[in-house]
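Accompanying notes for the structure given below.
Just so it is clear, none of the values below were taken in a lab; they were calculated from the coordinates. Given the structure is predicted, the values throughout are model-derived calculations rather than measurements. Note that we place each Cβ from the backbone using ideal geometry, even for glycine, and neighbour counts take in every protein chain shown.
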Amino acid sequence: MRLAIISDIHANLPALEAVLHDIAAQPGIDRVYCLGDLVGYAPFPNEVIARIRALGIPTIMGNYDDGTGFGRDECGCAYKNAVDKLLGDQSFAWTKANTAEENKAFLRELLPEIRVEADGVRILLVHGSPRRINEYLFEDRPPSSFRRLAQMADADVIAFGHTHIPYAKLVDGVLFVNVGSVGKPKDGDPRACYVLLDVAEGTVGVKYRRVAYDVAAVAEAIRQSGLPYGFAVQLERGGVGIDVSPTPSA
């Protein structure tokens with residue numbers, strides 16, 4: 001069985017369309033899943049939701065989906081400094097104000113997790129971690145942390161997103177797969193990222209796909225939308241080594 005798993009689209013419709021086109025070109029895709037965070041940081045929340053809904057892609061609720069759908073005070077994000085938090089709060093306010101009520105209702109109905117069994121392999125799909133929707137599972141977490149998750153997950157594979165940085169590692173027989181981000185990569189590569197899982201005879205192959213799209217056009221759309229300019233710069237540079245700056249005043 002071959003699964004395509006996408007995550008963290010973050011209102012970036014052109015990136016999503018490019019990835020969907022790439023998935024359609026891959027041979028033997030049996031199922032497509034989305035690990036959430038459809039909205040936030042870019043100016044196409046309604047269009048992204050409409051596309052996912054139209055395709056009927058089973059989707060996990062991300063922390064940004066939860067915050068937007070339920071109108072929470074915070075998005076459940078972790079920011080490194082006060083400037084990042086200020087700009088993140090601006091993005092969250094913009095997203096809540098510009099996401100249609102019908103689409104907020106859709107976000108509220110997204111799933112907390114999905115379990116898939118493929119050729120005898122148990123796969124758990126979550127947004128952040130099996131523990132929390134907004135837990136950041138970075139690759140350099142202590143091995144003991146991964147071991148605890150492996151013990152509690154009741155799965156052979158745990159696929160997740162949220163950090164926007166792809167990696168795969170095996171801990172105590174459980175394969176942890178961060179699928180990366182379609183719409184807001186943070187690993188220095190601005191191309192959209194998703195993963196293919198090839199499951200056969202009890203083994204799992206992990207193949208990352210990087211897909212080019214018109215990043216400059218989306219960055220310009222961010223600048224024209226009223227969202228902070230810093231998010232356009234982050235997109236252009238793959239999210240690495242950037243001090244985000246406020247939108248210039250008119």
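Of the residues Leu110, Leu86, Leu16, which exhibits the maximal mean-square fluctuation in a Gaussian network model of the chain defined by a 10 Å Cα contact cut-off?
Of Leu110, Leu86, Leu16, the most mobile in the Gaussian network model is Leu86.
What's the magnitude of the charge dipole for the chain around its Cα centre, counting Lys and Arg as +1 and Asp and Glu as -1 at the beta-carbon? Answer in Debye, nearest 20.
Its charge dipole is roughly 220 debye.
Taking the beta-carbon count within 10 Å as an exposure proxy, list Arg132, Arg223 from fewest neighbours to most.
The fewest-first ordering by Cβ neighbours comes to Arg132, Arg223.
For the chain, set up a Gaussian network in which alpha carbons nearer than 10 Å are linked by springs, and say which option among Ala105, Ala82, Ala221 fluctuates the most.
Evaluated over the chain, the most mobile residue of the options is Ala82.
Kindly work out what percent of the DSSP beta bridges joining two residues of the range 67-212 are antiparallel, to the nearest 5.
Antiparallel: roughly 75 percent of the beta bridges in the range 67-212.
Lysine pairs, Cα distance under 24 Å, 8 or more residues apart or cross-chain: how many in the chain?
16
How are the Cα pair distances of the range 179-227 distributed, in percent, across 5 Å bins from 0?
5, 18, 20, 18, 14, 10, 6, 4, 3, 2, 0
Gaussian network model of the chain, Cα springs within a sub-10 Å range: biggest mean-square fluctuation belongs to which of Lys169, Lys80, Lys186?
Residue with maximal mean-square fluctuation among Lys169, Lys80, Lys186: Lys80.
Pick out, in residue order, every one of the chymotrypsin sites (Phe, Trp or Tyr not before Pro) in the range 1-98 that is DSSP loop and has at most 16 other C-beta atoms within 10 Å; say none if there are none.
Listed in order of number, the matching sites are Phe70, Tyr79.
Between the range 110-125 and the range 183-209, how far is it from one alpha carbon centroid to the other, in angstrom?
Using only Cα atoms to place each centre, the spacing works out to 16 Å.
Could you work out how much longer the chain between Arg115 and Gln224 gets when fully extended? Use 0.36 nm per residue separation minus the Cα distance between them, nm to one decimal.
35.2 nm
If you take every DSSP beta bridge whose two residues both sit in the range 139-193, what share of them, in percent to the nearest 5, is antiparallel?
Of the beta bridges lying entirely in the range 139-193, close to 55 percent run antiparallel.
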